[in-house]
Amino acid sequence: MSDDQWAALEPLLLAAATTGRASRSKRMLIDGIRWRVRTGAPRWDLPPCYGP
């Protein structure tokens, strides 16, 4: 995702919750979801660069 695309999308996302496990970057999460949809790969084949 380009920086311009992320700048348009980020304000639309909900704020981080104050309870529970802290998440990594929302951008990394969105990129990981996009990778799975694009490739059709199962969750366990997700490259480590997108986090757990």
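The modelled label-to-label distance between SER2 and VAL37, using points 7 Å beyond Cα along the C-beta direction, is 1.8 nm. The heavy atoms of TRP35 offer some 40 square angstrom of accessible surface to a 1.4 angstrom probe.
The values are calculated or read from the model by the stated rules, or taken from the named source; none is laboratory data. Computed from a predicted structure; not experimentally measured. Every residue, glycine among them, receives a Cβ derived from its backbone with ideal geometry; neighbour counts consider all protein chains shown. We work out accessible area using only protein heavy atoms, side chains counted, and drop any ligands, DNA or RNA first. Shrake-Rupley method; radii C 1.70, N 1.55, O 1.52, S 1.80 Å.
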